[in-house]
1. Once the Cα atoms of helix 38-70 and of the chain are each reduced to a long axis, what angle between those two axes, in degrees from 0 to 90 to the nearest 10, is obtained?
2. Rounded to the nearest 20 debye, what is the charge dipole size of the chain about its Cα centre when +1 sits on each Lys and Arg Cβ and -1 on each Asp and Glu Cβ?
3. On a 0 to 90 degree scale, rounded to 10, what angle separates helix 107-116 from the longest Cα axis of the chain?
4. Loop only per DSSP, at most 16 neighbouring Cβ atoms within 10 Å: give me the chymotrypsin sites (Phe, Trp or Tyr not before Pro) in segment 155-231, ordered by residue number.
5. What do you get for Rg/Rh of segment 174-231 when both radii come from the Cα atoms and Rh is the Kirkwood radius?
6. Only helical DSSP H runs with n ≥ 4 go in: add -39500 (n - 2.57) per run for the chain, normalise by residue count and round the 222 nm mean residue ellipticity to 500 deg cm²/dmol.
7. Sorted from largest down, what three extents in whole angstroms do the Cα atoms of segment 104-176 have along their principal axes?
8. Quantify how much of the Cα-Cα distance distribution of segment 21-131 extends past 22 Å, in percent.
Amino acid sequence: MMLNTVAALEMALNDGVHPLIGEQIGPRTGTVDRFATFNDFFAAFKEQLGFLIDQSIEYNNLLGRAHQYIHPTPLVSSLIDGCLEKGRDAIDGGARYNSSGAALVSVADVVDSLLAVKQLVHDEKSLTFADLKAALDRDFADDEALRARLVNKVPKFGSGAPGTGELAQEVIDFIHARYQSRENYRGGRYTSGFWSMSNHVAFGSLSGALPSGRRKGKAFTPGITPEATAS
């Protein structure tokens with residue numbers, strides 16, 4: 001599975017509405033004027049992300065059960081440790097190891113955006129969340145000064161600045177724990193990874209402007225790589 005973590009961020013910014021679709025997709029977690037603290041917004045983001053993770057697991061399990069019914073794999077199973085011993089197809093849980101994986105895309109973009117909200121909106125209070133949201137909706141049209149602040153004045157993931165790595169770790173730990181808590185259709189556990197192949201480009205083309213200063217449609221950072229301005 002490939003999951004776009006920026007989708008959860010955009011839904012947290014829009015009370016559960018995904019702006020690409022324009023429909024209520026996730027839970028209602030509040031509009032930006034309701035987040036009195038950064039932790040309030042961070043909690044909304046995690047709620048949206050948890051919702052998407054749960055949906056991805058449900059979809060994958062349904063697909064897996066369909067494959068169990070219509071597409072057994074006896075030849076492949078004969079080459080996988082555990083299947084012959086158990087007399088069970090790999091797709092039915094015959095293998096020694098039965099984990100399922102998900103690749104989380106755009107984590108660095110999410111962390112950079114969270115850092116921007118935390119610093120400018122809540123720590124410095126030099127920008128209202130409503131004004132930031134309006135700038136995002138305009139894709140920073142006539143907001144180059146603000147965009148320059150977001151890009152150049154907010155510490156980024158990978159910079160080594162205090163708090164950046166810790167916030168990234170908190171996001172990663174949440175993702176890992178949410179997946180690990182769920183069982184897949186073969187009786188194994190879900191796990192998470194952070195690679196994107198080329199999907200950081202595709203997902204970026206479907207996403208709007210971000211608090212990190214990234215413009216609408218621009219490719220996300222690949223894998224777990226910091227954004228190029230992080231140094």
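The values are calculated or read from the model by the stated rules, or taken from the named source; none is laboratory data. Just so it is clear, the structure is predicted and the values come from calculations on it, not from any experiment. Because the Cβ atoms are built from the backbone with ideal geometry, glycine has one as well, and the counts that use them run over all protein chains shown. The protein model used for the area step is the full one, side chains on, heavy atoms only, and it has no ligands, DNA or RNA in it. Shrake-Rupley method; radii C 1.70, N 1.55, O 1.52, S 1.80 Å.
1. Once rounded, the angle reads 20 degrees.
2. So the magnitude is around 300 debye.
3. 30
4. Loop-located and lightly packed - 195.
5. 1.11
6. -13500 deg cm²/dmol
7. For segment 104-176, the Cα spread along each principal axis is 38, 24, 18 Å.
8. In whole percent, the share of Cα-Cα pairs in segment 21-131 beyond 22 Å is 55.
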